[in-house]
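Encoded as structure tokens, the structure appears first; notes follow it.
The values are calculated or read from the model by the stated rules, or taken from the named source; none is laboratory data. Worth saying up front: this structure is predicted, and the values here are computed from it rather than measured. Backbone-built Cβ (ideal geometry, glycine too); neighbour counts: all protein chains shown. These area figures cover heavy atoms from the full protein model, side chains too; ligands, DNA and RNA do not enter into them. Shrake-Rupley method; radii C 1.70, N 1.55, O 1.52, S 1.80 Å.
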Amino acid sequence: KVFVYTSEYIQCSRFPWNLDIQKDLEKFDLLYQRMIDVNDVIKYNKKIARCGYSKHFANINKAPEKINKCIFAGTMYPHRQEAINKISESMEIDVLPYGIYNWKDYMYILSQYRFILSPYSNDSNTFHLKFYEALLVDSIA
């Protein structure tokens with residue numbers, strides 16, 4: 001059995017390699033795949049990955065006080081950089097360097113900020129994990 005959570009839009013000109021990766025994944029006999037994009041779910045006849053607020057995350061270590069600033073965590077594509085530049089004219093934004101953080105440390109960093117920037121991915125049909133992460137740490141996305 002192979003379980004895959006696809007967190008990028010598959011049918012996207014920005015990520016043409018995702019089509020090849022999907023073709024390779026389809027070769028597995030026991031593939032269980034969840035996708036975050038509605039269009040991909042329909043095209044590939046897969047189930048949608050639903051992220052939600054869970055009671056199992058109730059004990060996240062949160063910062064005692066919020067910084068009255070915004071944070072962006074994610075891959076810095078050119079269109080996101082443009083959006084951050086525009087927003088930073090009105091609000092101070094810290095950028096968390098892209099990289100691997102353990103989940104507890106990552107969530108603690110997010111919990112320090114009042115606002116979490118959650119730009120659309122490549123399509124507005126994509127569910128945004130940042131929204132749910134913001135809920136978990138009592139911040140605004």
Tell me which residues, restricted to region 80-114, are under 13 Å from GLU133 (Cα atoms) and of a type outside the set (Lys, Arg).
TRP103, ASP105, TYR106, MET107, TYR108, ILE109, LEU110, SER111, GLN112, TYR113
Yes or no: ILE48 surrounded by 13 or more Cβ atoms within 10 Å (Cβ to Cβ), at pLDDT below 85, within 22 Å of SER7 (Cα to Cα) and among the β-branched types (Val, Ile, Thr)?
yes
Across (1) modelled with pLDDT of 80 or more; (2) in contact with a Cys (Cβ under 7 Å, 6 or more places away or on another chain); (3) assigned to a loop (DSSP other than H, G, I, E, B), PHE115 clears everything bar (3)
Which of the residues belonging to region 8-35 are within 22 Å of PRO78 (Cα to Cα), in contact with a strand residue (DSSP E or B) (Cβ under 9 Å, 6 or more places away or on another chain) and open to solvent by less than 60 Å² (accessible area, probe 1.4 Å)?
TYR9, ILE10, CYS12, ASN18
Over region 36-51, the set of residues out of contact with any strand residue (DSSP E or B) (no Cβ under 6 Å at 6 or more places or on another chain) and in contact (Cβ under 8 Å) with a residue 24 or more places away in the chain is VAL38, ASN39, ASP40, LYS43, TYR44, ILE48, ARG50, CYS51
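Each row is one residue, and each column tells you yes or no for (1) out of contact with any Phe, Trp or Tyr (no Cβ under 9 Å at 6 or more places or on another chain); (2) at pLDDT 85 or above.
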residue: VAL2; (1), (2): no, no
residue: ILE10; (1), (2): no, yes
residue: LEU25; (1), (2): yes, yes
residue: ASP29; (1), (2): yes, yes
residue: VAL38; (1), (2): no, no
residue: HIS56; (1), (2): yes, no
residue: LYS66; (1), (2): no, yes
residue: ARG80; (1), (2): no, no
Pair list, Cβ under 8 Å, 6 or more apart: region 84-104 residue of a type in the set (Asp, Glu), other residue surrounded by 10 or more Cβ atoms within 10 Å (Cβ to Cβ)
GLU92/LYS69; GLU92/CYS70; ASP94/LYS69; ASP94/CYS70; ASP94/ILE71; ASP94/PHE72; ASP94/TYR113
Selection status of ASP105, at pLDDT below 90 and more than 29 Å from ASP40 (Cα to Cα):
yes
For region 82-103, does any single residue satisfy the condition of being over 28 Å from SER13 (Cβ atoms) and touching a helix residue (DSSP H, G or I) at 6+ places or on another chain (Cβ under 9 Å)?
yes
Can you pull out the residues in region 73-94 that are surrounded by 10 or more Cβ atoms within 10 Å (Cβ to Cβ) and either of a type in the set (Gly, Ala, Ser) or on the phi > 0 side of the Ramachandran plot (or both)?
ALA73, GLY74, ALA83, SER88
